[in-house]
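Taking it in order: structure first as structure tokens, then the write-up.
The values are calculated or read from the model by the stated rules, or taken from the named source; none is laboratory data. From a predicted model like this one, the values you see are computed outputs, not experimental measurements. Glycine also receives a Cβ, built like all others from the backbone with ideal geometry; neighbour counts cover every protein chain displayed.
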């Protein structure tokens, strides 16, 4: 304290206080100085402006929590209260006197080392003067501090007793309160003084109590301290009592008896000992207070809450004992507990997690029998738990020995890296520490990272290959807590366990013994069998729904004229077995193992085989597919002829031990393993090309077996002819007891009739072109004795009851993509039709999605893939997501026996250089009404002109004929008022074809004489999203348009007659559409030759679209009679040559 210089004092008390304090020291205003024994605290009195001197003190102590730092505290009874000039004067004067003492020789006077040694000499001349003050009557009043035990107020018994402190002075009759109070003593109070004449040092000691109380109170800083209890003083309560007593203040109780403040303090202790209980050995922890002997045998009460000391009342008075340190709330709660019990299995956790902290905070007394040592030698813990299915759970961690027991820490790695997506602290904590061992978290501080790293590095080559395969990608084995190993890795673990058990740095704990695993020596052998299901079992085994062809409600099971083949209603039990090393391999386990990506399959004996055999992988896939076809999961596997493709793949994988002869006969034919022996019908008026003959043989086989199928030949390859040949053969063989129903788009109903009349005149064909309600007839009446009934999809839908009410020998769906939506009404009707076999004909069995194909298969072969959801999940989703190349190949193999498709490229050598076809297109009803009304009006007018003078009215007549031709295309070409009449039927058909061509990679030239019609086509293609190029006579950048098509991929090139009829080479296209028949066939051929010329490497197909029952029909007929009709009309030079006669014109109007 005496080492403080003016600079330091200025920082502590302010430069003003230092300056004024220096003046006080120089004027000897310091009356007395009392230093503490360590010279770190000074007490004294200093003369001030009042008559009564001020008591001041200052203290400089080492900071308890910050070595090298000190804490400064000062106080004064002056109005400033602290860090004032009086405090500075006290310190400066102490420094002066200390320097004087050091300057002396060091000999002590008679005062020895007592406090009065530091008092300044009075330098009085006579002994009377020196002793006068002692003898004088003007001495300070005696002061006492009364400690009264107060009981708690009503309703607050839990608060316990309190000790009320009351300052007193000695009066004539004893101790009184007059002249002294806490308010007067409180230096922070704005009013109140101590009127009694008390010693300044005593006043200062009492003021310290008020300061302690004020520091702990909340509320207004100006509120005076009026009532004080010892508990309110806080942790320093007992120490301040000792200071008060040391200053000369008497401590008395309520009866005036002296209060004893013990020099020794009590302390809190925890006693831990081992005891036996019903639950087993336990460590019992009891909290106690170690108290001085003065309280022995006495009932005590706490001082304060939490307690800073204890008090007891004896016959001699009140006894006060301090607690060093004061109790905390936790310690008080422990004292209230009778005992805390720690099971011995938790003792290591306690030693690591709790004991060190307890020893730092309280005095712990341990039973000598309790072990508290902890080993820092790590051993790798490998816990092995086998599970059914040869799965093995492996838990990894470190084992440390603590307090005579084991502490296991998981995982092996010290830190778990944060994942890329982030992880919560709680989640990471849950992964790092074993839930069954809470000591592991505290044991982290015991770990030896270097020793652990050495063990990990030495065992990495052994454990990484075993464990890595059971972890998520990118996870190191040292970061795993628990790993479930598949069978392959279980086998690897079994091989590694002996070496791990022998390693001194490894502890292996195994809940049960692993089997002895032995790898199979021989390759697996697959055996197949196929047995007929007889009688009722056969019918019950269909499992494909009552809509399957030949269902039981038809009653048609007799064999056809073709022989004793398998029908779609005939089911067979499929028997598949796999053996290895003369042991049976469970098929269910094999399929599950392969489906879940297992590398090996373990047999019950412990023999295991690798599952990377391609034959086993393929076998499992086929068996899963076969199982999906069954109604229930527990029944036998059954197949019918629809699944010939599946059987074919099975045969490639194994040995056929047995199979039904009927099955072999039909399935071999479906698979193309047996040559066809069905001659062409005698009544067929056509020569079938080789590929058409193959198609006829295949269709006939389907008819005989009553199996459905899909004929998906490219456009123009004669699907109609092949189908008619099949029907004719059925009739000639006597196998057409019920008529064949052909459902086609309205536009081609007439085509079927004309083709049948041309190629199969022996077939009686009836077309149904209107609803039965409109015709007023029944279906039976309309059919008569027809062998073939041709109608449209719309009519079948509208008259569904009539078509569903009877049996059909077969059903042919032309342009079967019309029923691709399996939720549409038309689809539902055709699927429910009762027919011996169902054939779908389409050049595009798949347009938008694989579900289009399923829709056709569900009609033609409903037992192949009976459930759309399964088909979507198994094939559609993975294939359309680009992940199903193998699945697509499988699907093709499955449907190959039931679908025939040949493209023009495949049969190119059998096709003529150019194939042409006239397609008649019915007008839409509103279009028909407008056309017929206009025709009747114009017909009468034109006939009148012809009767008058043909040559005179030639221009008017030809203009009217041109208008009729335009009207046959679209009414809006003649009158804008008809713009909203709807789409043109030709444009509808063209769009349908272009979608199909685009899907197959073909390109087409589209010609029309009328640019207005081409613009309508262009607008429709833009709405449909079909890319195209356009060229007419007004196109300025002609060369760019041509090059755009030649180098692009647009499916269509729209060209007008005058713009593209000559001078172009467009061999990039292989289809040509003529939207309106031209008067001059030569000009038409010339336009077609834009693509069919040298350089063309694809066969060209030409379609002439003709509006049915319009002037276009007449134009086509006229082309056959007079090839040069109206040639001069379009020839500018001879427009009036007269080559067209009036009779020709009349023929157009008939």
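Some observations on this one:
- Among the residues listed as 725, 669, 686, 737, the single one being assigned to a helix (DSSP H, G or I) and either touching a strand residue (DSSP E or B) at 6+ places or on another chain (Cβ under 6 Å) or at pLDDT 90 or above (or both): 725
- The condition (being over 28 Å from residue 699 (Cα atoms) and modelled with pLDDT under 80) is satisfied by just one residue among 883, 905, 910: 883.
- Candidates 422, 397, 404: the one that is modelled with pLDDT under 80 and either crowded, with 21+ Cβ neighbours inside 10 Å or closer than 27 Å to residue 357 by Cα (or both) is 404.
- When residue 943 is tested against (1) in contact with a helix residue (DSSP H, G or I) (Cβ under 7 Å, 6 or more places away or on another chain); (2) buried (at least 16 other Cβ atoms within 10 Å of the Cβ); (3) assigned to a helix (DSSP H, G or I); (4) at pLDDT below 85, only condition (2) is not met.
- Test: residue in the stretch 755-768 that is within 55 Å of the chain's Cα centre (by Cα) and at pLDDT below 95: no
- Residue under evaluation residue 547, criteria (1) surrounded by fewer than 18 Cβ atoms within 10 Å (Cβ to Cβ); (2) at pLDDT 65 or above; (3) in a loop (DSSP other than H, G, I, E, B), criterion not met: (2)
- Every residue from the stretch 1006-1058 that is in contact (Cβ under 8 Å) with a residue 12 or more places away in the chain, part of a loop (DSSP other than H, G, I, E, B) and farther than 22 Å from residue 1105 by Cα: 1033, 1034, 1035, 1048, 1049
- Of the residues 269, 226, the single one that is in contact with a helix residue (DSSP H, G or I) (Cβ under 9 Å, 6 or more places away or on another chain), surrounded by fewer than 21 Cβ atoms within 10 Å (Cβ to Cβ) and outside any helix (DSSP H, G or I) is 226.
- Candidates 761, 745, filtered to the one that is surrounded by fewer than 21 Cβ atoms within 10 Å (Cβ to Cβ) and in contact with a helix residue (DSSP H, G or I) (Cβ under 9 Å, 6 or more places away or on another chain): 745
- Any chance residue 162 is at pLDDT below 80 and more than 23 Å from residue 47 (Cα to Cα): no
- Filter result (closer than 16 Å to residue 919 by Cα and either in contact with a strand residue (DSSP E or B) (Cβ under 8 Å, 6 or more places away or on another chain) or not assigned by TED's automatic domain parsing to the domain that holds residue 1052 (or both)) within the stretch 964-1003: 968, 969, 985, 986, 989, 990, 993, 994
- When residues of the stretch 698-735 are limited to those that are surrounded by fewer than 24 Cβ atoms within 10 Å (Cβ to Cβ) and without any contact (Cβ under 8 Å) to a residue 60 or more places away in the chain, the one nearest to residue 786 (Cα to Cα): 731
- Any strands (runs of 3 or more DSSP E) falling wholly within the stretch 275-392 and containing at least 3 residues that are closer than 30 Å to residue 485 by Cα: 379-387
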